[in-house]
Structure formats: structure tokens, C-alpha cells
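The values are calculated or read from the model by the stated rules, or taken from the named source; none is laboratory data. Since the structure is predicted, the reported quantities are computational estimates derived from the model, not experimental observations. All Cβ positions, glycine included, derive from the backbone under ideal geometry; neighbour counts span all protein chains shown. Just so you know, the surface numbers come from the protein's heavy atoms only, side chains and all, with ligands and any DNA or RNA stripped out. Shrake-Rupley method; radii C 1.70, N 1.55, O 1.52, S 1.80 Å.
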Amino acid sequence: MSTDVLPSDTADPSEPEDLISVTLLPPDALADRLKSGLLSFPVTHFDADLRVDEARYREHLAWQSSFDVAGLFAAGGTGEGFSMTSEEIDRVVRIAVEEAGSSVPVLAPATGSTAQAIAQAQAAQEAGASGLLLFPPYLTEASQAGLVEHIGAVCRATDLGVIVYSRANAILADVTVAEVADRNPNLIGLKDGIGDIEQMTRTYAKVGDRLIYVGGLPTAETFALPLLQLGVSTYSSALYNFLPEFALRFYAAVRAQDRVAVYSMLNDFVLPYIDIRDRTKGYAVSIVKAGLTAVGRDGGRVRPPLTDLTEAERAELSALVGKIS
Ligand SMILES: O=CCCC(=O)C(=O)O
């Protein structure tokens, strides 16, 4: 298993320069790239039998990477990585690197047990991914000391930059974030899936710019403006899947701290959108696929344990999308 990652200053002459410059970024360069813009978390398309629909996924990736985004996280939360086998994740990551990797850094998930996350991290490096998003371990509760060991084991298994996802059974205290940042040079970021203002404040106060910070709550636009003030570097946008121009306009308004523009877009779309989203657990992903269908790009169905929007909810969403399109 090759573990050497060619940083751009030792490019392989047989590789086209742009491929080396985007997909094989050293961790610190990846961090700088990711914090510079909005982050794409593409859905993964499934066919009528809920198998990965490669053709439609490729088409979606080509569209998503044609706009100015800083990174693309394959098989992330919105990508339903939690519903895939390791083999499917590897396949989806390889497709994403092929389809989008020459224009935007592609990051892969590392999920589940420590052993599984290590195997996925090494497969992702082999597949040409630029970095990793380390998800919480599966199911079990864990102590902070146990999470430090889990995160360290995965970081040591790869040369890629790693972003750790604080959420669910893996909520990281500020002192834990400081410890894993100190122990793991290739740990480049923290994705916040909690939205606790005090916790984010304490973490940034203690760790500062040693890490980048990704706002990663469902429909992250809702929290983007206040989180920016706490030190959060950027955020992941699921809305970007079906309203890329809107999502980029929203991101620009957040960066400009244009409160009037941000609240206008929150009122016009985001808040009514999350009213639909909040009707059923898991809709944060299902509504994105329904949004793709609403804009004329079939998003397909979600896999269990998620459920799809009802026809009435789809009609409500289409009407909302129609108002801002
Ligand atoms: O707004 C979106 C959150 C997307 C995300 O962070 C994920 O899919 O994991």
C-alpha cells in the first residue's frame, strides 16, 4: 500500500501539473485550500434498487465541481456514507476523484470502528483522495481518552490531512481537541456537528488557527454568520447540491458579514426549507435529494434508515424553490 503522498513541490513529472496541484496536497496546503471557500457534500445517487447509480453520480459531480468550491467531500453525511459498505465508499471515492479531483480536492470518509476507519483511510489515500473526514465511531459511547486514541490511530495510518467530526457519541471537549491537534501533525481540522457556542468558543480560544473549523450542522447556512464570529473557518453546504448559485451567494454574504443579505435569504428560503426538513428525522438528507428533483435533476431515493419526502412535501419544496429560482 503506497503511503507516500507527493506534495506539489515534488510533483511526479508523468502526472499533469494541475492534477498534482489539486489532488495530492500536503495536509497544511489542503487546510489552506479548504478554509478559502464553501465545501460541497454531494449526495450519492442510488438507482431504483438502491444500488449506487454511477452515471447519475458522475453527472452530479461534474456539475458540482464546475462551480468555485474549496473542497468536495464524497460519501459524507449528505452523501449517505453511513449507509454504505466500505467497498461502496471506496468505489464512490474513486469515482469522485476521477470526476472532480482535477479541479477540486476530494475528501473521503473514515467511518466506524478504529480498524475500519484505518482501512478506509488507507484505501482513500490509494484512491487519490486529498484528505479524510473522520466520523464518530459506530454506536458505542466513548471516553475522551478513548477518542484521543481512536483519532490518533487513524491519523498515524495515513499521510493525508484529517478533519475530525465532533458529533453524536464523539463530542470533543476543547482540551481533547487541543490534545489531538498536538499529537497528530496531519490533523488539520475540526468539523462541528454540535453548534454549542460555549464549546466552540472554548475550543477556538485554546487551539486557535492550529486547525481549521468547519461548520457542519445540518443546513449549515442557518448558523454560518454567528459561527464565523466564533472562529469557524467555513461550512459544509448540502443546499449547494441543488441550488449552487444560491449557496455561493449566501456564502459570499456571510463572508462579507452582510447581515441584511443573509437574513433576507434565510427568510426567503432557508428557514421555510428547514420547516419542511424538521418534520421527520433524517430529512436533512432526504430533502436534498428532493431538492435536486425540484430543480429538474433527479436526486433519486434515499436508503434506509432514511425515508423520502411525501408527495405533498415534495410539492411544498418545489413551490419554495420556484420562488427563489
Ligand atoms: O448543510 C449541510 C451539512 C452537510 C454536511 O456537513 C454533511 O453532509 O456531513
Number of the exception - GLY71 against (1) away from the ligand (no atom under 16 Å from the Cβ); (2) in contact with a helix residue (DSSP H, G or I) (Cβ under 9 Å, 6 or more places away or on another chain): (1)
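How many of the residues in the range 238-259 are assigned to a loop (DSSP other than H, G, I, E, B) and within 13 Å of the ligand (Cβ to nearest atom)?
Final tally of qualifying residues: 3.
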Of residues in the range 191-207 being more than 21 Å from the chain's Cα centre (by Cα) and under 12 Å from ALA181 (Cα atoms), the one nearest to the ligand (Cβ to nearest atom): VAL207
Residues within the range 208-227 that are closer than 21 Å to ALA181 by Cβ and more than 7 Å from the ligand (Cβ to nearest atom), tallied: 9
Pair list, Cβ under 8 Å, 6 or more apart: the range 152-169 residue of a type in the set (Phe, Trp, Tyr), other residue assigned to a loop (DSSP other than H, G, I, E, B): TYR165/PHE135; TYR165/PRO136; TYR165/GLY193; TYR165/GLY216
Residue among THR140, THR158 that is within 21 Å of the chain's Cα centre (by Cα) and among the polar types (S, T, N, Q): THR158
Leading residue by the ranking (nearest to the ligand (Cβ to nearest atom)) among those in the range 74-88 that are surrounded by fewer than 24 Cβ atoms within 10 Å (Cβ to Cβ) and assigned to a helix (DSSP H, G or I): PHE82
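To keep it simple, each residue is scored yes or no on (1) within 16 Å of the chain's Cα centre (by Cα); (2) touching a residue at least 40 places away in the same chain (Cβ under 8 Å); (3) open to solvent by less than 20 Å² (accessible area, probe 1.4 Å).
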| site | (1), (2), (3) |
| --- | --- |
| ALA220 | yes, no, yes |
| ASN241 | yes, yes, yes |
| LEU248 | yes, yes, no |
| VAL260 | no, no, no |
